[in-house]
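Let me begin by presenting the structure, written as structure tokens, before commenting on it.
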Amino acid sequence: MSANGPPARHLTVATSDMSIFVANMDWSRAGRRTEPSSLYIVVHRSAGTFTHVYRVAAGADPARQTIYLEHVLVGEQVRAARAWVLDRCPAALAIETAA
């Protein structure tokens with residue numbers, strides 16, 4: 001799966017939240033299995049401020065998707081979230097965001 005191009009899977013957030021698409025990639029799971037996924041960094045601002053890294057993957061039903069909360073940071077920490085993604089997935093080096 002290419003990191004370039006538009007998100008393969010979409011994530012909907014509240015209007016007060018900031019969502020940054022990171023990359024499409026094959027995410028390594030336990031047992032060395034990979035799963036095509038889209039990664040997002042989201043800053044939530046509705047009940048305090050938190051930065052989350054989400055992975056959106058195809059669900060068992062092709063019409064649905066599964067959303068995984070992969071990492072949590074307190075406050076608005078987009079740079080720290082990017083660093084975590086790069087540490088976990090060096091293939092995400094192609095991160096291009098407007099943030």
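Distance between the modelled labels on residue 57 and residue 35, one decimal in nanometres: 0.2 nm (7 Å Cα→Cβ projection). Rounded to the nearest 20, the Cβ-based charge dipole of segment 18-94 about its Cα centre (Lys and Arg +1, Asp and Glu -1) stands at 80 debye.
Read-outs: derived from the displayed coordinates by stated rules, not from any lab. Since the structure is predicted, the reported quantities are computational estimates derived from the model, not experimental observations. In this analysis, Cβ positions are derived from the backbone assuming ideal geometry, glycine residues included, and neighbour counts consider all displayed protein chains.
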